[in-house]
Structure formats: C-alpha cells, structure tokens
Amino acid sequence: MMQVGSTLPAHNLNLSLARRASFRNYTSPLNPLTRTPSSCSYSAAASVSSQTISRKAVSTSTEATRLHLANLDKLLQTQPPPKTQLDPQPDLENYKDQNTGSVENRGGKGLLEGLNLARLWPQVKAAEEMSPRHLNRLQRLLSKTGEYSPRNNLGTRWREYHGSNNWAGLLDPLDQNLRREVVRYGEFIQAAYHSFHSNPAMSAEEAQLPRHVALPDRSYKVTKSLYATSSIGLPDWVDDVAPDLGWMTQRSSWIGYVAVCDDKREISRMGRRDIVIALRGTSTCLEWVENMRAQLIQMPSTEGGEQAQAKVECGFLSLYKTRGEHVPSLSESVVEEVKRLMEQYKGETLSITVTGHSLGAAIALLVGDELKTCAEEMPSVAVFSFGGPRVGNRGFTKRMDDKNVKVLRIVNSQDVITRVPGIFIGEGVLEEKLKSAKVGGFVDMIDRNMPLAYSHVGTELRVDTKMSPYLKPNADVACCHDLEAYLHLVDGFLASNCPFRENAKRSLVRLLQDQGSNVKKLYTSKANNLTRLKLEREGLQMASCLPSPSS
C-alpha cells in the first residue's frame, strides 16, 4: 500500500485519510460478491500526522463521507429493467467476469437502456404471432404426426359424456374429456369421407362385403358398410351431355359404416363397448338434388298424439328409406346390424353413437330416432352431429325428446348450412318469445300448416371461425362448413368468452391443405417456410392427403 509521505500538505491529509477509511468499509449492494477488504494499517500515516491532526477531526470527516456515499448508494439501488421476452436476446443483464469467472450483476440503468434493443432488433417489435415462441408452436402443429393428449378413464361417468344429462355443465367451458370424445367421433366421419373418395363408384359385387376403412382409432373394427339410395334419377339425356360424370349420377352410394370397439383396454377406459355409426356428407349429384327437396312430410308412425305430428325433410327421408337395386335401404342395414351386434355382445354394457357431418348429420338424427325403438332394452343412443341442417318440425323434436335420444349439435356460427332449410319461426328462441306473448296457438298453427316450419333438435355446442388465430375472420362458406375446420375449432375451444386455447393439439397440416386460401397469410407464409426447411433438413416428401370432400 502506498505510504503517505511527509511531504503531503497537512490540509489534504484529512481528506485523503477520510476517503481511504470510507473505501475500506464501503460495500455496494450492486456488487454483492465484492469482499470487504481487511483492515488496513495506517500506522505510518498516523505516525506522520499524529503531531498535526487530531483524531476527533478525522473521525468527524469520515462519518460525513460515509453518510454521503450511503445516500448515493441508496439512490443507485433501483431494480434493473425486466428482461424482455422477445427472442433472440443476448444475456446482457448477467455475464461472467473475465477475471474471476463469477456471475456478476452490474446493475444500474445505463447498460440495457444504452443498448436500445428496439433500435438494434426492430424485427422483435412485430406482431406477437411472429415471435419465435409462437412459430415454435406453429412448427409443432405442422408436424405430420398429430399430438394427442392422453385419454382419461371415463369410468362411471361415461353416461354423462354420452348425454344422459344433456351435457349439462360440460359445454361452456368445454370439458377436456368431452372435447377429446367429440374430436374422436369427428375423425370417424373423416375416415368415411376418405374411404368413399378413394373408391366412389359402387359395383354389385363390392356391395356385398364391408369396405376397407382406415379407422383413426385402431381399437374399433368395421362390421358393416352402409349405402344411401336416392328415390329419383337423373334424365337419360344427362349421360349424353356429360358422359364423364360417372359415379356422381349413381342412385346408390356408399355413405358410411358401422364399427364396434374390440379392444379390452379401450372398453375398460370408456366404461362400455361402443358401437359407432359414421355417415359422410353430400358428395353426389343426386344427394344434392335430395337436399333441395325441402318440403316437410309426415314420418311413418303407429302412435298418435305428438308423434303423429312429426315431420321431416322429404329428401333426407328419401335417402334413408329408399332401397337400391343391389343394396337394402340405409334404414334396414343399420337396424339389422345393430340388432346383430346387440345379440353378439348380449350381457355387456353397450352404447350406440351415431355421428355425421352435413347430410350425414341430418340422416344421423333419423338413425337415432329409429334405433331407439327398434328393439327391447335398447342401449343408450347419442348423436354427435357436425354442421347439420335442420331436419324436422317441432313435432319431430318432441318425438326425439320422448324417445330419449340425446343429440349434441356442434355448430359454427359462420356456417350457413346450419340455418337451412326452413323458416326461422321454428327456432326455439323466437318460439319462447311468442309463447311469452301469449300467442303460442299462433306458433302451433304455423307448425301444423307451414311446409317449411323447421326446428333444431338437441343441445348445442357453438364455435366460431373468428375465434381461431389461424383462419381469416371472413372465411368463405366452404371453409366455415368444412369438417376439418370444425375439428380445429373444437380442439381450440375453451369457452364462449375465452380466446383460442394455446395448448391446442390438432395438427394444422390438413387445414392448410384443404383451406389454405382461408388461412391468414401470416401463417401460410411461415408454414411454407417451416415446412420447406423441414423437408430440406430431412430429405422427405410431405405425405399426400386427400382434400376434404366437404370443401
């Protein structure tokens, strides 16, 4: 240590010793790892100055300096600015001292503020969706293999998830177990679409055997192919004008299948053996023609009262009840197969789940209505419909309620198909308003006499295209009705007053392929870049996927 020489002026010696004493005792909290130096010997200085400086004067000056530095230290004890979450970001707040290797917090405002991160990395000020954190999530959703949450054991609650209490308390917010069940049944419909479009033409030989269907759930096996037949045919001149239509003009077409759970572990998880009836939507010309036959007709019934007033759309009933040249009617096939399976698994706990999209959703209601009374001790029957149109009048709704057929309608607010056919007088909200105004008789009169007085059936789960961060809010009609878009919205739905859930599991690959023009350009461009990088890295080709038949 430098010694104080005798040549140091006496009037500066006081300040010099005060500073040395303050530095000896001061430890800044901004540098907590700094060690307090051991007491320094000031004997030489004391011996030189003992004759000229009093100890009291030195002590007084030292205390004043300590107080001054302590106040300055408090002023500098400000919290460092919070670490920004935008990425990339260098670790500027904490770094290793080059000499000691210890992590040292330099503190103060000057370092981070002086760097001006917004000026150095202007791209990090972009929209939140562009941040790497979100792109990582987008990359995960673009993986070719879907990421599924583990399915919980439904156990004794399976009846609740099958609609025994009309799904009360499970829809808003959406129960996670019910979400998985809804998406799973939607994928059964997708399997029906893909199987049909892989081989749409029907031959007499093929109709006698169950068609191969690539089921999304391997614990099920297909036991029966189902065919729908139109009661009308196109004029002969259509074949002359458009000879290449082929299967589009055939009267009978493969529309779905019956499958049964055949895995003991899955049966244990679900709490019962499940029988699934999956029905695709409109695909042929004659099916479109049947959709246009919107007049209500009487349903066949042996009972009087309310059930005698049940009416349904003419075209839907035609496809369900008409026999084909080589195949029985859809009604006959379903009833026969369900009875056979009930006999085969007699004594077991069974459930019957009918699921369909668009036209298939409409026919699913007719299937549920007939199955409930086709045999004694009928198992629980539930219908999961996606984007279904109206099917019948209020009498039909009452008939379904009396039979205890449980219906969960998944509806997209932007889907116009769910608002046809018919007039709005059959809707429940307006009906209740009219009844409260004591004009219920007027509603009954319209229901009996108006040929288009339709009413929806069942409990509603409503989603909205605008809730998806990926789809354009003004997506077109085809996108809003597309089955994959429905499953995407259900997978992200939390509650009616909540945004799209961040931990959605469903892959975006099929949505981008089917509805790329309706996906926001921000995500389309990023998805293309991410996919291209992945293909270049892995040297792979994207797996081909059939376009959604509903788009």
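The values are calculated or read from the model by the stated rules, or taken from the named source; none is laboratory data. On a predicted model such as this, the values are computed, not experimentally measured, just so you know. Cβ atoms come from the backbone with ideal geometry, glycine included; neighbour counts cover every protein chain shown. Quick note on the areas: whole protein, heavy atoms, side chains included, nothing else; ligands and nucleic acids left out. Shrake-Rupley method; radii C 1.70, N 1.55, O 1.52, S 1.80 Å.
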Pairs Lys264/Lys321; Lys321/Lys505; Lys406/Lys520; Lys224/Lys311: which are spaced more than 31 Å apart, C-alpha to C-alpha?
-> Lys264/Lys321; Lys321/Lys505; Lys406/Lys520
Under the Karplus relation 6.51 cos²θ - 1.76 cosθ + 1.60, θ = phi - 60°, what is the ordered set of whole-Hz ³J(HN,Hα) values for segment 250-256, x standing for Gly and Pro?
-> 6, 6, 10, 9, 5, 10, x
Given a Förster radius of 41 Å and the C-beta distance between Asp476 and Thr373 as r, what FRET efficiency does 1/(1 + (r/R0)^6) yield to the nearest 0.05?
-> 0.50
Accessible area (Å², 1.4 Å probe, nearest 10) - Glu343 = 120
Leaving ligands, DNA and RNA out of it, work out the accessible area of Ile417 with a 1.4 Å probe and give it in Å² to the nearest 10.
-> 50
Residues whose placed amide H lies under 5 Å from that of Arg293, excluding near-sequence neighbours = Gly315
Label-reachable residues, segment 180-194, where backbone N falls under 13 Å from a point 7 Å from Arg157's Cα toward its Cβ = 180-181
Taking amide hydrogens as modeled 1.01 Å from N in the peptide plane, which residues meet the under 5 Å criterion relative to Leu508, leaving out close sequence neighbours?
-> Leu142, Ser143
Residues meeting the amide H criterion for Leu471 (H placed from the backbone, H to H distance under 5 Å, 5 or more places apart or on another chain) are Lys520
